[in-house]
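The values are calculated or read from the model by the stated rules, or taken from the named source; none is laboratory data. Because the structure is a prediction, the values reported are computed rather than measured. Here Cβ is always computed from backbone atoms with ideal geometry, including for glycine, and neighbour counts include all displayed protein chains.
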Amino acid sequence: MPGPVRLVVCINARAGAGRRSCIGSGSLDQIDRIDDMISGAGLDIPILRRECPGRCEQGPTRRIAPGGPFFTETDATGLKLIVAGPKQFIDRRNGTDA
Ligand code: FES
């Protein structure tokens, strides 16, 4: 049985001029908003703050765990996808998706 579903958010800051990182791309700035959107959708999905899954150039990087898709969107439409992602992942995992 796979573990509980979580949303993992990269909060890494890479040192060095010109090196893109998730902190610099606004990952921390959006955590509270994403958490509020998840709660507002009636979901109980914890957000884990972790460092660098290696997609620094695409960040801010978020991933549904365990083993779910990555999300790097930052606009309002993208954030809605991030919030919908865990529910779709759970439904797919449980075989309850339509
Ligand atoms: S800094 Fe976030 S994926 Fe590397």
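Among the numbered conditions (1) assigned to a helix (DSSP H, G or I); (2) of a type outside the set (A, V, I, L, M); (3) without any contact (Cβ under 8 Å) to a residue 40 or more places away in the chain; (4) more than 29 Å from residue 17 (Cα to Cα), the only one that residue 96 does not meet is (1).
Considering only region 33-86, state which residues are in a loop (DSSP other than H, G, I, E, B) and aliphatic (A, V, I, L, M). Scanning region 33-86 gives 41, 43, 45. Once region 1-32 is narrowed to residues that are of a type outside the set (Lys, Arg) and part of a strand (DSSP E or B), the residue that is farthest from the ligand (Cβ to nearest atom) is 7. Of all residues in region 12-21, exactly one satisfies the criterion of being touching a Ser or Thr at 6+ places or on another chain (Cβ under 9 Å), modelled with pLDDT of 90 or more and surrounded by fewer than 19 Cβ atoms within 10 Å (Cβ to Cβ), namely 13. Scanning region 65-81 for residues that are in contact (Cβ under 8 Å) with a residue 12 or more places away in the chain, within 16 Å of the ligand (Cβ to nearest atom) and within 25 Å of residue 19 (Cα to Cα) turns up 69, 70, 71, 72, 74.
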